[in-house]
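Structure first, then comments.
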Amino acid sequence: MTAPLAGIRVIDVTNVLAGPFCTYQLALLGADVIKAETPGTGDLARQLGADPKLSKIHMGASFLAQNAGKRSITINLKSEGGKEIFRRLVKQAHVVVENFRPGVMDRLGVGYEALKKINPKLVYCALSGFGQDGPMRDAPAYDQIIQGLSGAMSITGDQESAPLRVGYPVCDSVGGITAAFAIAAALVGQERGGEGRFIDVAMLDSTIATMGWVVSNYLITGQVPIPMGNDNFTAAPSGTFKTGDGLLNISANKQEQFLALTEVIGRAKLAVDPRFSEREARKKNRQALTDEIEPVLATRSAAEWEIAFNKAGIPAGRVLSVPEALTLPNTRHRKLLRTVEGTKGLDRPLTVMNGGYIVSDCDDASKLPPPGLGEHTEQIMAELGYSPAEIAQSRESKEI
């Protein structure tokens, strides 16, 4: 079977993370993603990452993370010739994704209103920090700014450390996933009715939308969310516990799971202790319960307790480092990581992540490595009908 988005052409006019992460998801599902980049510099992520040598050749590790499977064309959208190349590209496209500040594409003459005249079926997604309208539309936005404004930092950490930044660019990632979901839905509508769509995705909106439980507790009950560190506010014992070797997350959220836990650790009397016998009582006496449990956990390692608890139907798992998580047998079995060959600047295969899902009978997403800046410019222009002489002229005129 072909990939779900095989035959779909996406024009990616995005930078750094949220936008490229969105279009990477589409590429993983089989879309032909053409990355339209500024000549000479390209995506800023090309210059970011932990390896200065790769950044120097515009193949930064941050870029490699979410651009495999795409093709790159350089287009100078400030030149009339460049705009014409872009318009011709859009004529044959199904989707355009951009993450400039609101109004930039319109000022260049290649915003949605202009493009839909040449391609009425176009799905156009504008991804920004605060949306295309509203009082903050023109404010610059990076992931950490959104983390702070969304309230996410206020509930991350504990009473001493909060507010605390989440340890990876979660708002960029959430914004990208949200945009990819909306685009996929719009493509279904495009197929059914032939109409195009304008999609306005704000990272701030997307992030707050994922905070459903804590937001709902406030909206419905008036409970103001507070930072609780590694404890789960919905239940106890539910959080991170010390063991004889390593930390262990335990989520005994149901009554039967708590009863099973008391049996596994050999402390059945805790089940009839009035401080712990019922769910709400356990939440009120969370620290006292932890003080009862951790001395027993100290007798064995986190790995041993993980096996014992899971066998008894109690959700539990070690707290791992990123390298450890990537080498979990389950991670390998699920093929979350994949390798691509031929990446510029690397003398070895590049390992990148898949999308975190498995689509049956489908493994034909693009195997292209992350592209060099403008690597496919001539190939793509030839597909658009430009002759070798016209391509040479465009390059001479600095349109590409």
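The values are calculated or read from the model by the stated rules, or taken from the named source; none is laboratory data. In this text the structure is predicted, and so the values were computed from the model without any measurement. All Cβ positions, glycine included, derive from the backbone under ideal geometry; neighbour counts span all protein chains shown.
Just wondering, is there one or more residues in segment 293-304 that are within 23 Å of residue 156 (Cβ to Cβ) and touching a helix residue (DSSP H, G or I) at 6+ places or on another chain (Cβ under 9 Å)? No - not one qualifying residue is present in segment 293-304. Residue 15 meets each of the listed conditions (1) under 16 Å from the mean Cα position of the chain (by Cα); (2) closer than 21 Å to residue 112 by Cα; (3) surrounded by 24 or more Cβ atoms within 10 Å (Cβ to Cβ) apart from (3).
Being surrounded by 15 or more Cβ atoms within 10 Å (Cβ to Cβ) and aliphatic (A, V, I, L, M) is a condition met by no residue of segment 188-197. Which ones in segment 198-237 are more than 20 Å from residue 147 (Cα to Cα), β-branched (Val, Ile, Thr) and buried (at least 16 other Cβ atoms within 10 Å of the Cβ)? Within segment 198-237, just 199 meets the criteria.
Close contacts from segment 264-284, counting a first residue that is surrounded by 11 or more Cβ atoms within 10 Å (Cβ to Cβ) and modelled with pLDDT of 95 or more and a second that is among the basic types (Lys, Arg) and part of a helix (DSSP H, G or I), with Cβ to Cβ under 7 Å and a gap of 6+ residues or different chains, come to 276/282. Here residue 234 passes the criteria (1) part of a helix (DSSP H, G or I); (2) free of Cβ contacts under 8 Å to residues at least 40 places away in the same chain except the one numbered (1).
Scanning segment 149-175 for residues that are part of a helix (DSSP H, G or I) and closer than 19 Å to residue 212 by Cβ yields 149, 150, 153, 154, 155, 170, 171, 173, 174, 175. Which residue is nearest to the chain's Cα centre (by Cα), if the candidates are limited to segment 188-206 and must be in a helix (DSSP H, G or I) and touching a residue at least 40 places away in the same chain (Cβ under 8 Å)? Result: 203. Restricted to segment 166-187, and to residues there that are more than 16 Å from the chain's Cα centre (by Cα) and surrounded by 15 or more Cβ atoms within 10 Å (Cβ to Cβ), the residue that is nearest to residue 128 (Cα to Cα) is 186. Only one entry in 220, 250 is farther than 14 Å from residue 283 by Cβ and assigned to a helix (DSSP H, G or I), namely 220. On the stretch given as segment 363-382, residues that are loosely packed, with under 15 Cβ neighbours inside 10 Å and not aliphatic (A, V, I, L, M) total 4. Restricting attention to segment 316-362 and to residues that are on the phi > 0 side of the Ramachandran plot and touching a residue at least 24 places away in the same chain (Cβ under 8 Å), the residue that is surrounded by the most Cβ atoms within 10 Å (Cβ to Cβ) turns out to be 345. Filtered by the rule that a residue be outside any loop (DSSP other than H, G, I, E, B) and among the basic types (Lys, Arg), segment 94-148 gives 107, 116, 117.
Of the listed requirements (1) surrounded by fewer than 21 Cβ atoms within 10 Å (Cβ to Cβ); (2) modelled with pLDDT of 95 or more; (3) not aliphatic (A, V, I, L, M), residue 2 misses just one: (2).
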